[in-house]
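The values are calculated or read from the model by the stated rules, or taken from the named source; none is laboratory data. Keep in mind that this is a model prediction, so the values were computed, not measured. Quick reminder, even Gly has a Cβ in these numbers, built from the backbone with ideal geometry, and neighbours come from all protein chains shown. Remember, those area values only see protein heavy atoms, side chains included, never the ligands or the DNA or RNA. Shrake-Rupley method; radii C 1.70, N 1.55, O 1.52, S 1.80 Å.
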Amino acid sequence: MALVLHSGSGNKNAFKALIAAEYCGVKVELTKNFEMGVSNKTPEFIKMNPLGKTPDGAVFESNAIARYVARSKGDNLLWGGSLIEYARVEQWMDFGATEVDPNIARWLYPRLGYMPYNAQSEEFGIAGLKRALEALNTHLASNTFLVGHSVTLADIVMTCNLYHGFARILTKTFTSEFPHVERYFWTMVNQPNFKKVIGDFKQAEVVPPVQKKAAPAKPKEAKKEAPKAAPKPAEVEAPEEEAPKPKPKNPLDLLPPSKMVLDDWKRLYSNTKSNFHDVAVKGFWEMYDPEGYSLWFCDYKYQEENTVSYVTLNKVGGFLQRMDLCRKYAFGKMLVIGSEAPFKVKGLWLFRGQDIPEFVMNEVYDMELYEWTKVDLSDEAQKKRVEAMIEDLEPFEGQALLDAKCFK
């Protein structure tokens with residue numbers, strides 16, 4: 001008996017179950033003449049409340065339907081080959097549903113006119129999508145598939161979550177920042193079982209413009225009559241317009257002024273091409289204001305995971321990109337240490353104020369991946385370590401530097 005899927009043929013959420021069915025050898029039929037916004041509003045559909053119907057009754061929500069289809073036959077590897085792989089399949093399905101799909105929707109749907117456009121909401125969606133794709137890109141740098149060495153349900157769901165983005169709004173200019181995600185997406189949509197469902201695919205070439213609201217039609221003017229003398233209106237004092245509320249200031253802008261001008265230090269660092277220690281390092285200590293700024297060491301908590309050099313470098317690069325929101329208040333050095341795996345990731349950060357800014361801890365998820373230690377400048381060894389990290393001194397703590405990145 002075929003399973004019945006209540007959906008239109010071009011629905012990317014329906015693709016999840018249809019592609020899973022191709023891998024499992026399960027027969028799934030789409031209802032005929034299904035029209036979103038019409039068919040799903042009928043009393044019969046609302047009573048059933050599914051996107052799919054099975055021999056056991058109705059099932060709704062696209063991921064649940066795809067799970068049902070994938071489990072309909074036990075002799076497939078869509079769930080991986082072990083308990084840990086099963087957990088990772090679920091992990092990436094959740095990631096796609098909470099980090100990728102909603103942020104594409106925040107960017108795309110208002111531009112298609114499906115919901116009101118709000119520039120601030122769009123910026124939030126794009127930033128969230130970039131964070132998600134950076135994480136995905138890092139994982140895919142050393143993995144062809146999300147889990148294991150073959151297609152799983154995680155790949156099916158993730159590709160379907162990316163589908164509308166690549167098709168409607170994620171142009172090559174945007175996706176080129178995430179080359180491993182690009183490679184992965186094109187690998188998936190060209191798999192025979194994907195292609196049977198999706199067909200030929202073409203990436204978006206332009207970002208859709210914001211939909212303009214149509215101006216209301218002018219009412220027809222009635223035949224003009226000779227104007228009658230209107231009574232003089234009573235004088236009413238116009239209410240005073242309320243002044244726009246100023247944007248709340250960043251708490252760091254409310255700190256007492258510091259003698260250290262961060263941009264002066266950044267210029268000195270960038271412009272010193274020779275005799276770096278005597279010019280830049282000594283200049284740093286002359287500028288440094290321990291009352292207005294604080295120094296912090298950071299050590300990656302999971303150094304044993306850094307087994308592939310370019311994946312480790314991508315990890316650090318993504319972290320620095322996400323730190324962009326505090327560029328006005330921070331300077332940082334990140335070192336990747338070692339000539340062979342596992343590589344060590346360590347850093348030095350200069351922050352405005354005596355603590356790591358709260359908004360950075362809240363917004364940059366990488367922060368919790370590092371152990372943070374405030375520098376004690378009364379300890380001469382710690383002071384020397386600060387200088388070595390500013391200067392990219394090699395060897396560092398007895399090991400060669402694979403790379404040194406600066407945030408300024």
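Please report, as a whole percent, how much of the solvent-accessible surface of the stretch 260-325 comes from carbon and sulfur atoms (probe radius 1.4 Å). Don't jump to the answer; show the numbers that get you there.
On the way: 1610 of 3250 Å².
Result for the stretch 260-325: 50 percent of the exposed heavy-atom area is carbon or sulfur.
Do any of Lys301/Lys384; Lys374/Lys408; Lys249/Lys315 go past 28 Å between their Cα atoms, and which?
Numbers: Lys301/Lys384 23 Å; Lys374/Lys408 20 Å; Lys249/Lys315 31 Å.
Correct reply: Lys249/Lys315.
Solvent-accessible area per residue for the stretch 118-202 at a 1.4 Å probe radius, Å²?
On the way: 3370 Å² over 85 residues.
I get 40 Å² per residue for the stretch 118-202.
Classify the stretch 107-157 as rounded, prolate or oblate, taking a ≥ b ≥ c as the square roots of the eigenvalues of its Cα gyration tensor: rounded when a/c is under 1.5, otherwise prolate if a/b is larger than b/c and oblate if not. The partial results should precede the final answer.
Values: a/c = 5.47, a/b = 2.19, b/c = 2.50.
Oblate, because a/c is 1.5 or more while a/b does not exceed b/c.
Highest mean first, what order results for 122-133, 13-24, 317-328 on Cβ atoms within 10 Å?
Details: 122-133: 18.2, 13-24: 24.2, 317-328: 16.2.
Going by the mean number of other Cβ atoms within 10 Å, highest first, we get 13-24, 122-133, 317-328.
Around Ala280, under 15 Å between beta carbons, what's the net of Lys plus Arg minus Asp minus Glu among the other residues?
Values: positive: Lys266, Arg267, Lys273, Lys282, Lys333, Lys408; negative: Asp263, Asp264, Asp278, Glu286, Glu387, Glu391, Asp392.
Its environment carries a net charge of -1.
Going out from 0 in 5 Å bins, what whole percent of all Cα-Cα distances in the stretch 83-198 drops into each bin?
The distribution over the stretch 83-198 is 2, 11, 22, 25, 19, 12, 6, 3, 0, given as percents.
Could you state the principal axis extents of the C-alpha atoms in the stretch 273-408, from the largest down, to the nearest angstrom?
Principal extents (largest minus smallest coordinate, Cα): 39, 36, 28 Å.
What is the sum of charges, Lys and Arg at +1 and Asp and Glu at -1, for the other residues whose Cβ falls under 13 Å from the Cβ of Asp403?
On the way: positive: Lys315, Lys333, Lys344, Lys346, Lys405; negative: Asp392, Glu394.
Result for the local shell: +3.
Would you mind counting up the charge near Gly318? Only other residues with Cβ under 10 Å from its Cβ, with Lys and Arg at +1 and Asp and Glu at -1. Could you put the intermediate results ahead of the total?
On the way: positive: Lys130, Arg131, Lys315, Arg322; negative: Glu134, Asp366.
Net local charge, Gly318 excluded: +2.
Let me have the relative contact order for the stretch 262-407, percent, based on Cα pairs under 8 Å that are six or more residues apart.
Values: 204 pairs, mean separation 46.5, N = 146.
Relative contact order comes out at 32 percent.
Rounded if a/c is under 1.5, else prolate if a/b is larger than b/c, else oblate: which is the stretch 139-197, with a ≥ b ≥ c the root eigenvalues of its Cα gyration tensor? Write down the numbers at each step before the final one.
Working: a/c = 2.03, a/b = 1.21, b/c = 1.68.
Oblate.
Quantify, in whole percent, the carbon and sulfur part of the accessible surface of the stretch 343-383 (1.4 Å probe; protein heavy atoms only). Before the final figure, lay out the partial values.
Numbers: 910 of 2060 Å².
So the carbon and sulfur contribution to the accessible surface is 44 percent.
What percentage of the solvent-accessible surface of the stretch 83-198, computed with a 1.4 Å probe over protein heavy atoms, is contributed by carbon and sulfur atoms?
Numbers: 2590 of 4930 Å².
Using a 1.4 Å probe with all protein chains present, the stretch 83-198 comes out at 52 percent carbon and sulfur.
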